[in-house]
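Remarks on the structure that follows.
The values are calculated or read from the model by the stated rules, or taken from the named source; none is laboratory data. This one's a predicted model, so the numbers in the text were calculated from it and none came from an experiment. Because the Cβ atoms are built from the backbone with ideal geometry, glycine has one as well, and the counts that use them run over all protein chains shown. Just the protein is used for accessible areas: all its heavy atoms, side chains included, with ligands, DNA and RNA removed. Shrake-Rupley method; radii C 1.70, N 1.55, O 1.52, S 1.80 Å.
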Amino acid sequence: MKTLFNAIGNLGAATRKNIDSVGLATLFLLRIVCSFFTGLVSFKQVLKQIYFIGNRSLIVIIVAALFTGMVVALQFYDTLVRFGSVDLLGSAVALSLIKELGPVMTALMVIARVGSATCSEIGIMRNEQQFDALDCMAINSYRYVMLPRLLAALICVPILTAVFDLVGIGGGYIVGVHIQGESPGAYIQGVMDTISFKDVLVGQIKSLVFGLFIMWIPLYYGFYLHLNQKNMGAEGVSNGTTQAVVMSAIIMLFSDYIVSSLAL
């Protein structure tokens, strides 16, 4: 009986801790958003973060998109040829990339490259008490440190998603036309006839939502690293970064389902 009570108590404590974390993360995001209206945003810092998130992720996105499009085209071709519908290859590749694979794969690439680096940087700043120093100098750390990163993510992730979609469709063209021998006109016409503005809009809305979570969660884990005394030092930064990346990916996939269900 005592074991049962202990289990219930542990479950209640874990639930309360998770609810507290959700509330703290929400307040953290609200403080960042409010800082946008309380003073001027450093345009230089925003450009610096756009370069870090966008330009330095571009090669990774292009390579991932090329091979993703080639694999998707290869798999769809193998399926469509059984039903005599090879002319639909361009439509199938474009729809799958624009509505689903493009936003999700782009988000995962950015989480792996940018989310981990951001959480580590903010965590190290917390361990070195740099945020305390900013507070002593009356500098709003939310507006100076957090907001430029969040704005840059909201700008860059939709653009990177569009690049992923275009390169992925090009990769599908390489496989479908140059390797499998489909008509170039049929592939391109299938893409043009099938894709609608709504499909593109859904993909861009997803990428915008993903950009929010990609930056919000690593910033939160890094900024509040000090609340858990076990997460101090180099090992703590490593653990916090791992948790941030995993949580970002899980919440991103969950939000993907939510947006997809609302868009249908």
Checklist outcome for this item: In region 66-91, anything touching a helix residue (DSSP H, G or I) at 6+ places or on another chain (Cβ under 7 Å), open to solvent by less than 70 Å² (accessible area, probe 1.4 Å) and farther than 16 Å from residue 179 by Cβ is listed as 91
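One residue is enough: does region 57-68 have a residue meeting the conditions without any contact (Cβ under 8 Å) to a residue 12 or more places away in the chain, out of contact with any Gly (no Cβ under 6 Å at 6 or more places or on another chain) and of a type outside the set (Asp, Glu)? Please lay out each step first, then the result.
First pass over region 57-68, keeping only residues without any contact (Cβ under 8 Å) to a residue 12 or more places away in the chain: 59, 63.
If we keep only those that are out of contact with any Gly (no Cβ under 6 Å at 6 or more places or on another chain) too, we end up with 59, 63.
Retained after the next criterion (residues that are of a type outside the set (Asp, Glu)): 59, 63.
Yes.
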Item to check | Matching entry among 147, 166 (being modelled with pLDDT of 85 or more, within 17 Å of the chain's Cα centre (by Cα) and not basic (Lys, Arg)) | outcome: 147
Item to check | In region 107-139, the residues that are open to solvent by less than 50 Å² (accessible area, probe 1.4 Å) and under 17 Å from the mean Cα position of the chain (by Cα) | outcome: 107, 110, 111, 114, 115, 116, 117, 118, 119, 120
Item to check | Filtered residue count, region 205-225, keeping only those that are buried (at least 18 other Cβ atoms within 10 Å of the Cβ) and more than 30 Å from residue 134 (Cα to Cα) | outcome: 2
Item to check | Residue within region 95-102 that is within 23 Å of residue 177 (Cβ to Cβ), over 17 Å from the mean Cα position of the chain (by Cα), at pLDDT 90 or above and not charged (D, E, K, R) present | outcome: yes
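Counting just the residues of region 12-50 that are small (Gly, Ala, Ser) and loosely packed, with under 14 Cβ neighbours inside 10 Å, which one comes out modelled with the highest pLDDT? Walk me through how you get there before you give the answer.
Step one: list which residues in region 12-50 are small (Gly, Ala, Ser), which gives 12-14, 21, 23, 25, 35, 39, 42.
This time we only want the ones that are loosely packed, with under 14 Cβ neighbours inside 10 Å, so: 12-14, 23, 39.
Numbers: 12: 73, 13: 71, 14: 71, 23: 83, 39: 76.
Going through the qualifying residues, I end up with 23.
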Checklist entry - In the set 70, 105, 109, which member is at pLDDT 90 or above and within 25 Å of residue 225 (Cα to Cα)? => result 109
Item to check | Hits in region 167-185 - residues which are aliphatic (A, V, I, L, M) and buried (at least 17 other Cβ atoms within 10 Å of the Cβ) | outcome: 167, 169, 175, 177
